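Single-structure report; data block below.
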Amino acid sequence: MKWLILILGILTNASASVLIKMAMLPPRAFPSPSNPQAALSNWPFWLGLGLYGTAFLLYAAALARLPLNIAHPVLTSGAVAAVAVLSVLVFREQFYWTTITGVVLVIAGVGFITAGVA
């Protein structure tokens, strides 16, 4: 159950990042002093904000079940790797060999960090 909570935390955090990026792209507009009502129709922003809140709650639940030195690196590095992959799939951003290498190293690092935890 503790690992499921962490996986859900990673997925909600990464999804929130993607939605916030969507919220900042045209034709959507972030609210400004000249157009404060733009925030009301920017559904990706509000959904992303809600998912960040959910990710925080899942992180807190994971901390109740796992040591901090396990939960934090797994959640943050997992979200970094997921966002790197999602940025290519959703936004067609460049995926350089260095990005691929970094994602592989992140996954390997998380494997080493969690190797002794059942």
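The values are calculated or read from the model by the stated rules, or taken from the named source; none is laboratory data. Note that this is a predicted model, so its numbers are computed, not measured. Ideal geometry is used to build each Cβ from the backbone, glycine not excepted, and the neighbour counts take in all protein chains shown.
Beta carbons closer than 8 Å, at least 6 apart along the sequence or on distinct chains, pair a first residue in the range 86-112 that is closer than 15 Å to residue 22 by Cβ with a second that is acidic (Asp, Glu) for 87/93. Just one residue in the set 45, 56 is within 27 Å of residue 77 (Cα to Cα) and either modelled with pLDDT of 95 or more or of a type in the set (Ser, Thr, Tyr) (or both); that residue is 56. Test residue 74 against the stated conditions and say whether it is under 10 Å from the mean Cα position of the chain (by Cα), within 22 Å of residue 112 (Cβ to Cβ) and modelled with pLDDT of 90 or more. When the stated conditions are applied, residue 74 does not pass them. When 17, 34 are checked against the criterion of being among the hydroxyl-bearing types (Ser, Thr, Tyr) and touching a helix residue (DSSP H, G or I) at 6+ places or on another chain (Cβ under 6 Å), 17 stands alone in meeting it.
Sort through 61, 79 and tell me the only one that's in contact with a helix residue (DSSP H, G or I) (Cβ under 7 Å, 6 or more places away or on another chain), assigned to a helix (DSSP H, G or I) and buried (at least 20 other Cβ atoms within 10 Å of the Cβ).
Selected residue: 79, the only one of 61, 79 that is in contact with a helix residue (DSSP H, G or I) (Cβ under 7 Å, 6 or more places away or on another chain), assigned to a helix (DSSP H, G or I) and buried (at least 20 other Cβ atoms within 10 Å of the Cβ).
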